[in-house]
Structure formats: structure tokens, C-alpha cells
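The values are calculated or read from the model by the stated rules, or taken from the named source; none is laboratory data. For clarity, every value in this text was computed on a predicted model and none was experimentally measured. All Cβ positions, glycine included, derive from the backbone under ideal geometry; neighbour counts span all protein chains shown. Side chains included, ligands, DNA and RNA excluded: accessible areas come from the protein's heavy atoms. Shrake-Rupley method; radii C 1.70, N 1.55, O 1.52, S 1.80 Å.
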Amino acid sequence: TLVKLKPGNTSPVNISVVITNPKLWGPPPTQYPNLYMASTRLTINGQTVDAYETQFGIRSLKFDPDRGLFVNGERFWIQGVNEHQDLGASGAAFNYRAAERKLEILRELGVNGIRCAHNIPATEFLQLADKMGFLEYQKTPNDYHLLFKEWAEADTQAMLRHDCNHPSVIAFSIGNEVSEQTTGASGAATAARLCYIVREEDDLAGRPCTASKNAARPEMSFTSSLDMINLNYQGEGIRDTPAYEGLQGITTKPSYTDFHCVFPDKLVLSSETSASLSMRGTYFFPLTREVSAPVLDHKPDGGGNTTLRAISDYSLYTTPFGASSDKVFAKQDEAFPYVAGEFMWNGFDYLGEPTPYYSARSSYFGIVDLAGFKKDRFWFYQSRWRLDIKTAPILPHWSWGSNREASAADEAQLFVNGKDQGRKRKQTGEHWFRYDDVVYSLEELQVLTWKGGKEWANNTVATVGDEYGLMLGVDRENIAGDGLDLAFVTAKVVDVNNSVVPTAENNIIFSVEGTEAEIVATDNGDSYSFVPFRSKECGAFSGLVLAIIRTTKSTKGPVTVRAESLGLHGAKVEVIIM
């Protein structure tokens, strides 16, 4: 295309290209995230003076108000999580490998969608989502009320133009739980103004404009300005069961049907669900008999401990406005075809917002803790979201207690030291096999499971011995010598049989041989730990500690990472810098 310009002038250029039989971008496992690269060059008299490459994908989206979301013609249930922008001990500054590791763990869980909550993500994060095939739910700026009137339009336009070519981005949100949702006509007008900008800028892609509501009722006018309905916790109900009676705040019955009846032309999506609270490997007894219950320290079965700033890992306890995953799944199992899925709160723990213990460091919401270690909820969600994996995880560790077993199976039989504890079948609305009357004794716990009458998965856990030594493992044996790449080293406190000691709190000291790499952070996932991330010493939490290793200069060769602990056998692992 030939463009003639006078000095100092500008001119838009529109060029179109037809790609025949394109390979489509789509989310795994049923589709593949194929990507293309558009190369734009500016030449003057045959000489290239500027060039720009744009990665993009080709896919179709259909937001059907009666049947949910379709990607390339395939109905798609969103198994999503909300994610804050920080990367745990790595901090808030973006690091490609730290973000990639987070997405790899979430992919193992069965996650196919990410809601960026609530900051605009780094471009590199969207590039990772494009590459790995995640669906992204983008949020536009609406959290800066002092600057909103002057800057809302310009900032929204800038973000839309910046991120428009990412196939992973499927929708734009103009706000989360904003006060305008309940202010009637004025709030609806603000929403309409912002959605007009979204539609004007994104007219070719046609991605919907929405906002997430936690208090708006179906009859309120705010929703009428939006293209789709996003509900925060309202789908499964808020404070609507006996365990939550008397708590401050709004009470809402399950609202999928109510919103769909008022707005039958709009797709419904749960943009935030659950808000369960837990700490990895922590268990308090007695255990609530409720399917879902708020953390209440003053109750024996309240799930929390104010002194320790700790919450049980049984996945039954929530914020006052939340619901356990059991309750969320039970409502989803009622089958609402017009609901497109969920983004549960939250995939990973994150810095700040340590509800309900505000003197702690980081949140308790994650399926995965701040260090990237999996809580018990991980196996629960995986058993629902990854039916290709046959699992029968048992909790807690076999040192005490009341047992639950998470599995996609429909029957289970439990044995304690070979003694049959009974065979159970899941009832409607149940998602665990729960054995409350098991008497603890040393040695072994075994579970057998069946699905559809056929053997599904079996598992055994045993009582572990005392702390004996350390074991080290690394997420990747080879890392780039670019000063940016990271290796994540996990230290385990083990007994003489190399089984993790789940109650171990031993202090561990890390070191690196040579100057080619350094320890940039350590963490153990304890929300109440204030050990500086930069420290090379960190106490184990539920038997585990993480050390993050980074190259210090462009070099090649092996680096040895060592871990020592007083009274225990040390360990080492080798990382190759490429």
C-alpha cells in the first residue's frame, strides 16, 4: 500500500488480508491455541525504516443466552479462577517464568479461564495466555474515582487498543462490585457510557462488555446497560443457609434463575464464586457438620484459630459472604444451561487481603498457596475439572482425625490398618466421601473407589516417622543464563523412608555454589509468616519450603543448590544454566 504524506503529517492505513483455511485458536484439551504472526513494515524508497510484529489468533465466540459460551462452535464450560497480579515471593513486577509456572499449575488443576482481578495484566501475561490457550476475562479501569471523570475514556481506549489482538481475551469488564450497581439510573448511565467505548473500540471483534455484581438485584437498571450478566457469589446464594444466620451483610438466595428470567437475552456467568478459606496442611477439630460454614473462632467447630492466624484445610470454611466449593458445585449440578461457567475466588493466594486475620501477610483464598504448593482444595477441583485423571486423594495426613476423600468416583470404601470402615455411595449434592467416626490409630489408611460400577482409583496414606532429612526437587533442570529465568526449588522435610513429615517446621538454610546464580526469594506458603522473602533461611510450613533461584549473568554450566537444617541430613540439587 502506497501512502503519500507531507512532513509532520499522519494518516491511518487500512490493509486487509484473507487467510484461507486458517488453523483456529482454541482452548485445550479439545482444541489447540494456534497463533499467527502479522509483520508490518514501513519502507521508504525500498528501504525498511520501521517494523512491527503482531501475534494474533483466529477464533469465533458465541455468547448464547440459552446455551452458554461457544468457542469455534463448541460449547465450552468455563473452569476459571480469579488471579491477582502479584507472583508471590517474586513480587508484583512481572517475571515471565514465574507467571508461566503459575499457569502451568493452574492448567494441571484443570483451569481453562483466568479473570484478571482486578488490574490490567502485563502484555506478557496475555501472550502466555494466548500461547497456552487460556480464556482471559479483561478488566478495564474503574477504580480511581478521583480521576474517573477526566481519564476513564482515554484509559479505556488505551487498554482496548493495546490488547485487542489477543485471542485469549473474550470479554471486557468495566467494574467489579462498584457502588453504581445499586444507584439506579445514574449507575446505569455510567455503565452505558463505558460500554459504548468498549463497543466502539472493539466493534470488529464484538467482545461483550460487562461488570460484576454482588449486590444488584435483577430488577435494578444497572444490568440493562451490559451485554452479559456477571454474578459475584449470587449464583450460589449469599448468607442464605443456617450456618450464616446472624452475620452482618446482605442475604441473597441463589439468583441464576431470577436474573435469567428478567434478562432472557443475556448470558449468565459467575465471575466470582466460593471465597473459601484454608491453609495448606492445617486441620482443626471438631469439624463442622455443615456443607458450608463461615470461619468463627468462638465456635469449637469454627475452623479457625486466632492465635495462630490459621484456618483448617478441609475446604468447608468461608468468608461471611462466601460458600464452600461443595455448595457452589451443588448449585451448578442443578443444570442451568444458560450459565457459562465460573471464575472461583481465588486460584493462588496473594499478598494482602488476609481475611479474616488482618494482621497476617497474605490471603487464605487460594486453591494453591503463595509459594505455589497445593492445598487440599486442589484435588477437589481437579477431580471435578479433570475427569481424564483418576484420583482418590485422602485428607488429612494420617496423623489424626476425621477423614474426607475427594474423587470423581461415586462409591468408596475405607480401610484402617486393613479393617473395613464401610462402603459409601455419593448422594445428590455430595462431592466428598466423608468418614466422621473413624478412630485414629497408627500405620495405614487405604481407600478403594468405583465409578459406574467399575474400579476408579485407589490410594494409601501412612503414618510418617520423625524428621530425618531434607529432599530437594526443582521444577526445571535447565534454565536460561539471561539473568531473568528462574528455577523453583522445593525442599521437603522427610522421615527415614523419604515420606514428607506434614507437621514439620524445621528452619532450612539455602545456599548456591558459585557466582552464576543467586537465591532471590524463599517462602513456605504460611499466610502469617513475616520472614522476609529475600532471606536465605525459612522455616518449613507443613513440611515444605520454596527457594527461587535466578542466574546473575550470562554464563553456562551447572549450579548446585544446597539445603541444610540443624539436626537433619542435608540435600542438594543441580541446575544447568544453558
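Projection of the Cα convex hull of region 401-557, averaged over all directions and equal to a quarter of that hull's surface, yields 12.9 nm². Taking max minus min of the alpha-carbon positions on each principal axis, region 358-485 gives extents of 56, 37, 35 Å, largest first.
Farthest towards the positive end of the charge dipole of the chain, among the residues Ile170, Thr48, Thr20, is the Cα of Thr20, using unit charges on the Cβ of Lys, Arg, Asp and Glu.
Note down the Stokes-Einstein diffusion coefficient of the chain in µm²/s, whole number, using a Kirkwood radius over alpha carbon pairs, 25 °C, and 0.890 mPa s. It comes out at roughly 95 µm²/s. A convex hull fitted around the alpha carbon atoms of region 49-200 yields 166 Å³ per residue. Projecting the Cα positions of Asn346, Leu287, Cys261 onto the charge dipole of the chain (unit charges on Cβ atoms of Lys, Arg, Asp and Glu, taken about the Cα centre) puts Cys261 furthest along the positive direction. For region 278-294, backbone phi angles converted through the Karplus equation (6.51, -1.76, 1.60; θ = phi - 60°) give residue-by-residue couplings of 6, 10, 4, x, 10, 9, 10, 10, x, 9, 4, 8, 7, 6, 8, 8, x Hz, Gly and Pro being listed as x. Comparing Leu226, Ile105, Ser511 along the charge dipole axis of the chain, the residue lying farthest to the positive side is Leu226, per the Cβ-charge model. For region 79-232, the share of accessible area belonging to carbon and sulfur comes to 53 percent (1.4 Å probe, ligands and nucleic acids excluded). Of the cross-linked pairs Lys131/Lys327; Lys390/Lys454; Lys102/Lys556; Lys327/Lys454, those separated by over 23 Å at the C-alpha level are Lys131/Lys327; Lys102/Lys556; Lys327/Lys454. Taking the C-alpha atoms only, the angle from helix 145-163 to the longest principal axis of the chain is near 90 degrees.
Compactness of region 156-217, taken as the C-alpha radius of gyration over 2.2 N^0.38 Å, stands at 1.17. Between Arg199 and Ile58, the contour length at 0.36 nm per residue exceeds the alpha carbon distance by 48.8 nm. Entry note, the chain: the mean residue ellipticity at 222 nm calculated from DSSP H runs of n ≥ 4, each adding -39500 (n - 2.57), is -4500 deg cm²/dmol after division by the residues and rounding to the nearest 500. Within straight-line reach of Lys553, meaning a Cα separation under 19 Å, sit the following aspartates and glutamates at least 8 residues removed in sequence or on another chain: Glu477, Asp482, Asp485, Glu513, Glu516, Glu518, Glu574.
When every Cα-Cα distance of region 313-424 is counted in 5 angstrom steps from zero, the calculated P(r) takes the values 2, 9, 16, 21, 20, 15, 9, 5, 2, 0 percent.
Applying 1/(1 + (r/R0)^6) with r as the Cβ-Cβ distance of Glu443 and Val262 and R0 = 60 angstrom yields a FRET efficiency of 0.55. Per residue, the Cα convex hull of region 30-117 amounts to 171 Å³. Here region 155-264 has an Rg and Dmax of 15.6, 50 Å, counting Cα atoms alone. The value given for region 213-252 is a Kirkwood hydrodynamic radius of 11.4 Å, derived from the mean inverse Cα-Cα separation. Using Cβ point charges alone (K and R +1, D and E -1), the dipole size of the chain about the Cα centre works out to roughly 880 debye. All Cα-Cα distances of region 279-367, cut into 5 Å bins from zero to the largest, leave 3, 14, 23, 24, 17, 10, 6, 3, 1, 0 percent in each bin in turn. Think of a 1.4 Å ball rolled over the protein heavy atoms: region 69-201 then has 38 Å² of accessible area per residue.
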